[in-house]
Amino acid sequence: MSDELASMSATELVSAYRRKTLSPVEATKAAYAAIHALNDKVNAFCFLDEDGALACARASEARWHAGRPQGLVDGVPTSIKDLILTKGWPTLRGSTLVSRDQDWAEDAPSVARLKTHGAVLLGKTTTPEFGWKGVTDSKLTGITRNPWNLERTAGGSSGGAAVAAACGMGALHIGTDGGGSIRIPAGFTGIYGLKASYGRVPAYPPSPFNAVAHVGPMTRTVADCALMLNVLSEPDPRDANGLPPAGRDWRVGLDGGVAGWRIAYAETLNGEQVDPEIAARVAEAVRHLEDLGATIEPITLTMPGVDDAFAKHWLAGAATLLAQFTAEQRSRIDPGLQAYAEVGAKYTVIEALNAAKAREGFAVQINQLFENYDLIVMPSLPLVAFGAGRDTPDSGPYAGWTNWTPFTYPFNLTRHPAASLPIGFAHGMPAGLQLIGPAYREDKVLQASRTLEAVLPIALPRLR
């Protein structure tokens, strides 16, 4: 029964609370049972507050019994990525350089919104040091492992959140995405993750990678993602880039289907090689969309120079981040991040401004593409999860950063909403379809995702 409760969606939990057939206390205990059984194997959580969570669950139980729930996710077990400030909890950002002994007196906007809506916060999920890379390991917390194969990476930088979702360690999970950090681990672990439009989910304090940094939900179902987005997207004055309120419920229209849609199908981007089994799963998912009434139009998608433009944004952010530390402190930081920062520190102001201009050009290119299409679909990643404890595959066509993540970071530059939806397995590991929507149209991404989810239900790993 504990496993069944732990695998319930947030939508199912809230419905059961309303019917008084299930208590938030039972759901929270089930989430912790999964954590206690599995976290030593997968390393998804780096901080837990079981006493605090159970106290919140009991308060939620009382509200539901009185018929006065506090908000949309009252009593739903939820995790917070360890890059996101949480009042009373240490936010160490995966680094030995961040002191636990300080006044953790502020909630980030996403955490504040979740608390306002009554979510039960379980703890903090793992991230690489300062969220700098697409896998999840650090000197502070060790290696986060893929629940489908413990010898493989979970991806990153929201790897802990993805693994927690896959393993039933809570129903709702906050991720961040500066170059694929929601979609990469979602694709590798077989869960659903949405990089919301830039500014849709308020963020504070600003990320060092602010120009490309997004926040979004990571869940086991599309409906839960829409529910969570309703909460996370409520405005906060601390985000200078925050979008105005959408004025809509993201759950409305989820089951509207894709009949009559024109969908652009890009087998790759910039001609990057895709593993044949991944390509086959993507092609099957696209055929499902066609069977469901969409018109599929294959396109050749090229964005020349997108890797250089992204590097100048990301590496300059790394240099800004490390500039706050002494030389001795920097020597203790992840060597890969040090190397990035050294390159980023050499960029000139003119190079940085030209990269920003290039970013705008890519955004216009994709905006113009959407004048003819409702959606773009393509692989989330060109390969399945590789060995844990590595930053990149050790050989072959995917042995560099931009070689194994070529499909995610371009849409951080363009700032369009994009999600990774699990579409089956390749080489025994999850494969993902990336769905990219027009500017600010998360509804399009969610609706198409829900349509595919109905015919390609999300599978969950079984470690017990």
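Numbers at a glance
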read-out	value
Rough spin-label spacing in nm, given labels placed 7 Å along Cα→Cβ, for residue 105 and residue 372	5.7
Option label - Cα Rg over 2.2 N^0.38 Å computed here, alternatives [x] 0.90; [y] 1.11; [z] 0.94	[x]
FRET E, pair residue 323, residue 18, Förster distance 41 Å, beta-carbon r, rounded to 0.05	0.20
Cα gyration tensor shape of the range 1-151, rounded if a/c is under 1.5, else prolate or oblate by comparing a/b with b/c	oblate
Cβ-Cβ FRET estimate between residue 151 and residue 62, R0 fixed at 35 Å, reported to 0.05	0.20
Exposed-loop-free span, longest in the chain, where chymotrypsin sites (Phe, Trp or Tyr not before Pro) count as exposed if DSSP calls them loop and at most 15 other C-beta atoms lie within 10 Å	105-324
Total formal charge among the other residues, if their Cβ is under 10 angstrom from that of residue 336, Lys/Arg +1 and Asp/Glu -1	-2
Length-normalised contact order of the chain in % [C-alpha pairs under 8 Å, at least 6 apart]	17
Rounded if a/c under 1.5, otherwise prolate or oblate - the range 166-289, Cα gyration tensor axes	prolate
Beta bridge orientation in the chain: antiparallel %, DSSP, nearest 5	65
Qualifying trypsin sites (Lys or Arg not before Pro) in the range 1-47, DSSP loop, other Cβ atoms within 10 Å at most 12	20
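Read-outs: derived from the displayed coordinates by stated rules, not from any lab. All figures in this text were calculated on a predicted structure; none of them were measured in a lab. Glycine also receives a Cβ, built like all others from the backbone with ideal geometry; neighbour counts cover every protein chain displayed.
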